[in-house]
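Derivation of every value follows stated rules applied to the coordinates shown; laboratory data play no part. Since the model is a prediction, treat every value here as computed from it, not as a measurement. Here Cβ is always computed from backbone atoms with ideal geometry, including for glycine, and neighbour counts include all displayed protein chains.
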Amino acid sequence: MIMAKAKPLEEILSYLEGFQRILVLGCNGCVAVCEAGGLKEAEVLASALRIQNMQAGDRRDIQELSLTRQCDKEYLAELKDKMDNYDAVVSLACGAGVQFMAEMYTEKPIFPGVDTCFIGVTEEQGVWTERCQACGQCILAETGGICPIMRCAKRMMNGPCGGSEKGKCEISVLVGRDVDCGWHLIFERLKKLGQIGRFAEPALDKDWTLSRDGGPRLIIREDVRP
Amino acid sequence: MRLSYPTNIRIIKVPCTGRVAIIHLLKAFEKGADGVFVAGCLEGDCHYQSGNLRAKKRVAYARRLLASIGVDPERLAMYNLSAGMGPRFAEIAREMTAKIRELGPFLQPSGRTAAPQATAA
Amino acid sequence: MKETITPSRLEKILAAGHWAVTSECGPPRDGRPEIIEKKADLIGDYVDAINVTDNQTAVVRQCSLAACIRIKLKGLEPVLQMVTRDRNRIALQSDLLGAASYGIHNVLCLTGDHQRFGDHASSTNVFDMDSTRLIQTVKMMRDDGRLLSGHEMHEGRPQMFIGAAENPFADPFEIRVMRLAKKVKAGAQFIQTQCIYNMPKFKLWMKLLRDEGLHEKVAILAGLTPMKNVGMAKYMKNRVPGIDVPDDIIKRLAGVPKEKQADEGIQICLEQIEELKQEEGIRGFHVMAIEWEEKVPEIVERAGLYPRPSVN
Ligand code: SF4
């Protein structure tokens, strides 16, 4: 899923200066799972904004709502009749949701309420880690099911580099926590799978046109189009 | 046993402090409380294992939230005591009320004023 | 004398069966022209080729290519270090062509330290390819006269002796020889190793690569960095990833008075060279005296590697 993290309240407050009627809009998709932008978080943010507002002696109208998803037009459309009641929206969806809102409601400022971080997994309650960078051409079949593009700090295709130490990546000392060396993991996994031979051949260049570097990407499926 | 604790306290009973969510703490302030304290069981004594520990983390989080919107985080606190410690409860209530009185009303005179109030959950 | 395929002096020295001696110079963090020239003057007579580091540890410095050109114009032999961290395949190939135009005949292909080590920790990285693929790219440009795009060069192919680095002390150890084999397969002709302090581990690595016959396919230059003092030894042990400093080295340095530690560091280095001369497959020495270039002549001389042979 897409993982996100709440933005500091101070930052959100700075966007909202001068707006009177504010909607805090949660999304019940990914960001609800990682407890950054679901209904629960929208309620907390709206409440905090109201308290701030009371303290400042302002008379802003701050409300909250949460949609099933903000990355689908049909759910965004649920707001059609309500949008006139607001001057600005703080969307707690991922970056895609924030932008989709802005595309549908072009007259209203839509501010992000979370920082969208990565595609990842829930390690345990309260701990989320990255797994995929959506490079557009999955090579997991070659690398024992562990992605070097994402797990290797240098995106190496022929790792591990000379900085790998006791299973940890060379950047561990810099980020202040143990980061697994992706290539060490790949090596151990290939060994288990009896596929160590994959190491012998130098890997070819990756085609980055399928990634960010190819410009905004799209998928068209004629078979499922109406 | 008759205990005297300040009458301006509203007690909201919950089965376990683990049930107290951040939104409940904030709502109390929204509704006009000048201070809030959560009275949980002694650490290690939670009937549901770790309800009070979770409450502790949420209180800490909510205190940070309050600080970031300019509210003195001292207005929110967590205490641990057992059900048999009535006098201790009264003492905490007095302590908290005194502290909140010192901080003054949550809303400045220009806004809504209220007598110092504390809410205990 | 074995046959050579490039005009590289380093290649010729090795082909003639001499010990090769290389060293490295780090360019300055400003635009002064004289720094690299002074360093090159200091060591030029004592080595066969001078590596020029490429923004090492991700700290911005004068570019490796420009500094190599300066060295080349002085009549000395540079080794162009190239990391894949900062340039994509367009820029890497372009710089290789530029180097070729100045007759730079040695290249050391590296992936490079992560940018978070350096002075621009918040910058982005490129890593369009890694060291292994860079080796292949240079080989393709040289031998097939092609760019990665397929574009054919009818003239002006880079004539480069291709090198790579290898760190026998990184983990997992069992992969190190495999990875070396991969670099050799990709086209590496010489290897400069990470600096060696753990001799038993290094010798084990040498044995394993000999078992694979790799010592006959690639020239191994043993990397050596003399310790200036015990503080440096401890720093290398604890803070520099992939460097293995055994405790007895630290003890030995700590055992002499502070003002004698530098001499002791050089002494250790000389003993290592003597020991490594006996190791089958070692074809030369890469002396990296970090910001201590003035000591290179002394080390080379005392190790019995001076004067350098002339080849043509
Ligand atoms: S230590 Fe491992 S994960 Fe880190 S950059 Fe090197 S190969 Fe990649």
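Convex hull volume of the C-alpha atoms in the stretch A:2-118, normalised per residue: 82 Å³. Scalar couplings 3J(HN,Hα) for the stretch B:33-45, obtained by applying the Karplus form with A = 6.51, B = -1.76, C = 1.60 to θ = phi - 60°, are 5, 8, x, 9, 10, 9, 9, x, 5, 4, 4, x, 10 Hz; x denotes Gly and Pro. The distance from the alpha carbon centre of the stretch A:20-87 to that of the stretch A:158-203 is 43 Å, rounded to a whole number. Within the stretch A:1-87, the GluC sites (Glu not before Pro) that combine a DSSP coil assignment with at most 14 other C-beta atoms in a 10 angstrom radius are A:17. Altogether, the Stokes-Einstein calculation at 25 °C and 0.890 mPa s, with the Kirkwood radius of the stretch C:35-100 over Cα pairs as Rh, returns a diffusion coefficient of 199 µm²/s. Amide H to amide H, with H built 1.01 Å from N, residue C:77 comes under 5 Å of C:50, counting only residues 5 or more places away or on other chains. Beyond 21 Å, what share of the Cα-Cα pairs of the stretch C:50-191 is found? Please give it as a whole percent. Within the stretch C:50-191, distances greater than 21 Å cover 42 percent of Cα pairs. From largest to smallest, the equivalent ellipsoid semi-axes obtained for the stretch C:214-296 from the alpha-carbon gyration tensor read 24, 14, 12 Å. Name the most mobile residue of C:277, C:39, C:183, meaning the one with the largest mean-square fluctuation, in a Gaussian network model of chain C with Cα contacts below 10 Å. Highest fluctuation among the options: C:277. Legend: mean number of C-beta atoms from other chains within 10 angstrom of residue C-beta atoms, peptide C:35-47, equals 0. Taking trypsin sites (Lys or Arg not before Pro) as exposed when their DSSP state is a loop state and no more than 15 other Cβ atoms lie within 10 Å, the longest site-free interval of chain B runs over B:32-111. Inter-part distance, the stretch B:45-91 to the stretch C:228-292, computed on C-alpha centroids, equals 57 Å. Taking only the alpha-carbon positions of chain C and ignoring solvent, what does the Debye formula give for the base-10 log of I(q)/I(0) at q = 0.10, 0.13 Å⁻¹? One equal scatterer on each Cα of chain C leads to -0.53, -0.94.
Taking the alpha-carbon distance from residue C:38 and a cut-off under 16 Å, which lysines remain once sequence neighbours fewer than 8 residues away in the same chain are dropped? Partners within reach: C:72, C:74, C:295. Quick one: longest stretch of chain A between exposed loop trypsin sites (Lys or Arg not before Pro), exposed meaning at most 13 other C-beta atoms within 10 Å and loop per DSSP? Between exposed loop sites, the widest span is A:83-165.
The calculated P(r) of the stretch A:136-203, using every Cα pair and 10 Å bins from 0, goes 22, 54, 21, 2 in percent. In straight-distance terms, cross-link reach from residue C:203 covers every one of the lysines whose alpha-carbon lies under 17 Å from its own, apart from those fewer than eight places away in the same chain; here that gives C:277.
With only Cα atoms counted, the stretch B:1-44 has Rg and Dmax values of 12.2, 34 Å.
Listed values for the stretch A:151-168 are Karplus-derived 3J(HN,Hα) couplings in whole Hz (6.51 cos²θ - 1.76 cosθ + 1.60, θ = phi - 60°), namely 7, 8, 5, 10, 6, 6, 9, 10, x, x, 6, x, x, 6, 9, 6, x, 10, and x replaces Gly and Pro. Highest GNM mean-square fluctuation, chain B, Cα pairs closer than 10 Å: which of B:105, B:73, B:87? In the Gaussian network model the winner is B:87. The string of couplings for the stretch C:177-184 from the Karplus curve (6.51, -1.76, 1.60, θ = phi - 60°) is 6, 4, 6, 4, 4, 5, 5, 5 Hz, one whole number per residue in order, with x for Gly and Pro. Please identify, among A:30, A:132, A:181, the residue showing maximal mean-square fluctuation in a Gaussian network model of chain A using a 10 angstrom Cα cutoff. Top of the fluctuation ranking is A:181. In this structure, the amide hydrogen of residue A:119, modeled 1.01 Å from its nitrogen in the peptide plane, lies closer than 5 angstrom to those of A:3, A:131, A:132, counting only residues at least 5 positions away or on a different chain. For the stretch C:238-276, the list of GluC sites (Glu not before Pro) that fall in a loop by DSSP and count at most 13 other C-beta atoms within 10 angstrom is empty. Per the Debye calculation on the protein assembly as shown with a single equal scatterer at every Cα and no solvent contribution, log₁₀ I(q)/I(0) for q = 0.06, 0.08, 0.09 Å⁻¹ amounts to -0.51, -0.78, -0.88. When Rg and Dmax are taken over the Cα atoms of the stretch C:143-243, they come to 17.0, 54 Å. Shielding value for C:79-86 is 1, the average number of Cβ atoms from other chains within 10 Å of each residue's Cβ. Between residue C:15 and residue A:220, the simple spin-label model (points 7 angstrom out along Cα→Cβ) gives 5.7 nm.
Exposure proxy shown here: for B:106, A:199, the number of other Cβ atoms within 10 Å sets the order, fewest to most, as A:199, B:106. Averaged over the residues of A:134-145, the number of partner chain Cβ atoms lying within 10 Å of the residue Cβ comes to 0. Excluding residues on the same chain fewer than 8 positions from residue A:192, give the aspartates and glutamates whose Cα lies under 15 Å from its Cα. Qualifying aspartates and glutamates at Cα under 15 Å: A:142, C:174. At q = 0.15, 0.16, 0.17, 0.19 Å⁻¹, what base-10 log of I(q)/I(0) does the Debye formula yield for the stretch A:66-223 when every alpha carbon is treated as an equal point scatterer in vacuo? Log10 I(q)/I(0), no solvent term: -0.95, -1.02, -1.08, -1.20.
With 31 Å as the limit, the listed pairs C:207/C:237; C:2/C:183; A:5/A:82; C:12/C:228 have C:12/C:228 beyond it between alpha carbons. Here C:128, A:84 are placed in order of increasing Cβ neighbour count within 10 Å, fewest first, which gives A:84, C:128.
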